[in-house]
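This structure is in structure tokens; I'll ask about it shortly.
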Amino acid sequence: MNKIFLDDNTILSKPQVATIGFFDGVHRGHRYLIDQVVNEAGRSGMESAVITFDEHPRKVLHQDYQPKLLSTLETKLILLSRTKVDNAVVLHFDRVMASLSARDFMEKILKDRLNVRKLIIGYDNRFGHDRSEGFDDYVRFGREMGIEVIRSQAFSLNGVNVSSSYIRKLIEGGELELANNCLGYAYTIFGKVVPGYRKGRQLGFPTANVDTSESGQLIPAVGVYGVRVRMEQSMEMKRGMMNVGTRPTFNGTTLTLEANIFNFTGDLYGQRLLVSFVHRIRDEYKFDSVAALVDQMHEDARIIEGQFEKESQMDEDK
């Protein structure tokens, strides 16, 4: 896949079958749409393209809005590279681009710069200034400038259309397994290890305190999770457990993400970690004593290890 960051010199010579959107999380609904683009490009003898943005449009238009994303731009491009699309085109979204009408965007960007001949639109996607125009308008504009506009069907699971907003609600509500099913992979965050309260080591469960403020990603619901963790400079995914919460047994009030990596010793301060949330096993509780908390942590680790072992056995039996 070619990664193309649109600048003043970008002009694609080969005709494209394209789709456009923010594609947060590159979930199964997105991949269903991208597969249609790739298949149509193959039938038409053209290249396939996914056109996306470097910033969430609402963040640019409303400075006080802080989106909680499912993926960073870096992750999004990695996920797109796992599809069969030829080109991932990243547009810099700013107020100048936001001011373009849908017609101007189609003509000045899609037609003149990216050579789009066919545009497959997600079933609920709207673009252009104030998103004031809709699919019928895009079809009319496209007909005037030689772009065929096609509407994609929605991808649904259990009767529900899969979308980024739906997945965010699932993650915020603690319905991790269903969220992961919609994503098609385990929900994953990036974060930097920063100094914490140093209680975990005293309890026999040393933890890495993960700060996700740089990535701006959505934090899952408060609770205890089975996770897989990859450290910077390593490709190995290690098993572990993570507590998302405020540490109520110690009368904490600040939300923290503390990961205990099984069978690991070492200094992680300053490193970036990739944490994939595989299972949610319970809510966060306030225990009557530290000893009761430690007993529960041992039980949590046992349950999580058992779940990972069961999955490994299932993979071997396939």
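The values are calculated or read from the model by the stated rules, or taken from the named source; none is laboratory data. All values reported here derive from a predicted model rather than from experimental measurement. Note that each Cβ is placed from the backbone with ideal geometry, even for glycine, and that neighbours are counted across all protein chains shown.
When you check Val290 against the structure, is it touching a residue at least 40 places away in the same chain (Cβ under 8 Å) and exposed (fewer than 15 other Cβ atoms within 10 Å of the Cβ), yes or no?
yes
Still on this structure: Going by the conditions given, is Leu255 in contact with a Ser or Thr (Cβ under 7 Å, 6 or more places away or on another chain), over 21 Å from Ala179 (Cα atoms) and either of a type in the set (Asp, Glu) or surrounded by fewer than 17 Cβ atoms within 10 Å (Cβ to Cβ) (or both)?
yes
Can you find a residue that is touching a strand residue (DSSP E or B) at 6+ places or on another chain (Cβ under 6 Å) and among the hydrophobic types (A, V, I, L, M, F, W, C) anywhere in segment 155-168?
No, because not a single residue in segment 155-168 is touching a strand residue (DSSP E or B) at 6+ places or on another chain (Cβ under 6 Å) and among the hydrophobic types (A, V, I, L, M, F, W, C).
Still on this structure, please answer the following. Name the single residue that is nearest to Asn161 (Cα to Cα) among those in segment 31-46 being free of Cβ contacts under 8 Å to residues at least 40 places away in the same chain and assigned to a helix (DSSP H, G or I).
Asn39
Among the residues that make up segment 143-151, is at least one of them over 18 Å from the mean Cα position of the chain (by Cα), of a type outside the set (Asp, Glu), in a loop (DSSP other than H, G, I, E, B) and assigned by TED's automatic domain parsing to the domain that holds Ile78?
yes
Would you confirm, using the coordinates I've provided, whether Ser48 is under 22 Å from Leu274 (Cβ atoms), buried (at least 21 other Cβ atoms within 10 Å of the Cβ) and polar (S, T, N, Q)?
no
Starting from residues that are outside any strand (DSSP E or B) and modelled with pLDDT under 95, keep the ones in segment 267-283 and report whichever is surrounded by the fewest Cβ atoms within 10 Å (Cβ to Cβ).
Filtering first and then ranking leaves Asp267.
Here's a follow-up. For Gly240, state whether it is surrounded by fewer than 21 Cβ atoms within 10 Å (Cβ to Cβ) and not polar (S, T, N, Q).
no
So in segment 82-96, with the set limited to residues that are surrounded by fewer than 18 Cβ atoms within 10 Å (Cβ to Cβ) and over 15 Å from Thr19 (Cα atoms), which one is nearest to the chain's Cα centre (by Cα)?
Arg82
Can you name every residue in segment 156-184 that is touching a helix residue (DSSP H, G or I) at 6+ places or on another chain (Cβ under 8 Å) and outside any helix (DSSP H, G or I)?
Leu157, Val160, Asn161, Val162, Ser163, Gly184
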